[in-house]
Amino acid sequence: MENTDKLLKDYSDPEKGAYLGAIASIATADHEATEEELDYIKTLAQSADLSPEQEERVVRAGKEISANELERCLDILKTSDLRFSLVTDIISFAKSDGKYSEDEKKNIEQIAQHLDIDENQFSLLDLFVKKSSDSGKSGEEVTKPGFLSALGLDDKFKSAGINTSSLTKGLLGIVGPMLIAKMLSGGGRGGMMGGRGGMLGGRGGIGGMLGNTMASGGLSNRQPGIGSLISMLSGGRSYSSMGNILPNILRGRR
């Protein structure tokens with residue numbers, strides 16, 4: 001696979017594995033991952049060019065509801081810029097059903113604190129999700145240089161110690177589906193189309209998930225904002241339906 005066709009290409013293997021593992025763990029926190037969801041998780045891991053060891057860990061994170069797996073991923077991300085992308089994705093997930101209560105916000109703040117994200121940084125990420133949605137811009141436009149400046153957030157992010165370039169590169173709710181669609185249609189690595197082309201057929205498998213994403217605005221960009229990879233992988237579940245599951249997992253009480 002060409003370097004330009006890799007997800008998270010500027011990060012180390014453990015960072016990429018931890019980020020995708022956390023995404024997989026959170027998306028399946030309240031249910032056992034379906035075969036379709038696991039296929040998507042595996043393809044994400046392959047598109048990030050993970051080592052076999054890291055790919056296995058990502059898949060395990062999607063299969064097991066475990067405090068240990070999620071905590072392991074979050075601990076690795078504490079020193080990575082990807083922690084900001086992860087919290088942004090969780091916030092987007094929480095807001096995707098049009099509901100974002102104070103309790104939900106506090107729960108996500110606990111996850112942010114675990115990642116050593118301070119209150120100011122969290123507030124800016126929360127504001128970014130809101131403003132990107134209110135802007136009416138498509139997902140692709142949100143990741144373009146200059147978008148944060150247009151929102152009046154670029155200098156604020158930099159002052160708060162948030163790497164804006166890393167933030168947008170890690171927003172897999174936008175770039176993930178587009179790259180996977182390219183790969184599976186033969187635009188990326190041809191072997192994936194030949195070896196796993198069946199996943200594009202019918203309404204099942206990754207083809208079905210990408211079709212649902214396109215219908216809901218992910219790839220066709222009908223809906224504004226940054227989207228959420230967790231939302232895409234969660235089988236249509238909302239953050240509010242999970243209640244306190246994620247904070248409880250981190251406390252080891254699941």
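The values are calculated or read from the model by the stated rules, or taken from the named source; none is laboratory data. A quick note: this is a predicted structure, and the numbers were derived from the prediction, not measured. Neighbour counts run over all protein chains shown; Cβ positions are idealised from the backbone, glycine included.
Determine which member of the set ILE117, ILE111 is more than 24 Å from ASP155 (Cβ to Cβ), among the aliphatic types (A, V, I, L, M) and either in a loop (DSSP other than H, G, I, E, B) or touching a residue at least 12 places away in the same chain (Cβ under 8 Å) (or both).
ILE111
Can you go through SER51, SER47, SER25, SER12 and tell me which one is touching a residue at least 12 places away in the same chain (Cβ under 8 Å), among the polar types (S, T, N, Q) and out of contact with any Leu (no Cβ under 8 Å at 6 or more places or on another chain)?
Answer to the check: SER51.
Looking only at segment 85-101, filter to residues that are among the charged types (D, E, K, R) and assigned to a helix (DSSP H, G or I); which one of those is surrounded by the fewest Cβ atoms within 10 Å (Cβ to Cβ)?
Among those residues, the one meeting the criterion is LYS95.
This table checks each residue for (1) among the charged types (D, E, K, R); (2) buried (at least 17 other Cβ atoms within 10 Å of the Cβ); (3) modelled with pLDDT of 90 or more.
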site: GLU56; (1), (2), (3): yes, no, yes
site: ARG83; (1), (2), (3): yes, yes, yes
site: ASP103; (1), (2), (3): yes, no, no
site: GLU109; (1), (2), (3): yes, yes, yes
site: GLN113; (1), (2), (3): no, no, yes
site: ILE117; (1), (2), (3): no, yes, yes
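Could you tell me how many of the residues in segment 1-54 are part of a loop (DSSP other than H, G, I, E, B), crowded, with 19+ Cβ neighbours inside 10 Å and not aromatic (Phe, Trp, Tyr)?
Selection size over segment 1-54: 7.
Does segment 60-79 hold any residues that are more than 15 Å from ILE111 (Cα to Cα) and crowded, with 19+ Cβ neighbours inside 10 Å, and which are they?
Once the filter is applied, which keeps residues that are more than 15 Å from ILE111 (Cα to Cα) and crowded, with 19+ Cβ neighbours inside 10 Å, segment 60-79 yields ALA61, GLY62.
Conditions (1) in contact with a Ser or Thr (Cβ under 7 Å, 6 or more places away or on another chain); (2) not aliphatic (A, V, I, L, M), marked per residue:
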{"residue": "ASP97", "(1), (2)": "yes, yes"}
{"residue": "GLU102", "(1), (2)": "no, yes"}
{"residue": "ALA112", "(1), (2)": "no, no"}
{"residue": "GLN121", "(1), (2)": "no, yes"}
{"residue": "LEU125", "(1), (2)": "yes, no"}
{"residue": "PHE147", "(1), (2)": "no, yes"}
{"residue": "LEU172", "(1), (2)": "no, no"}
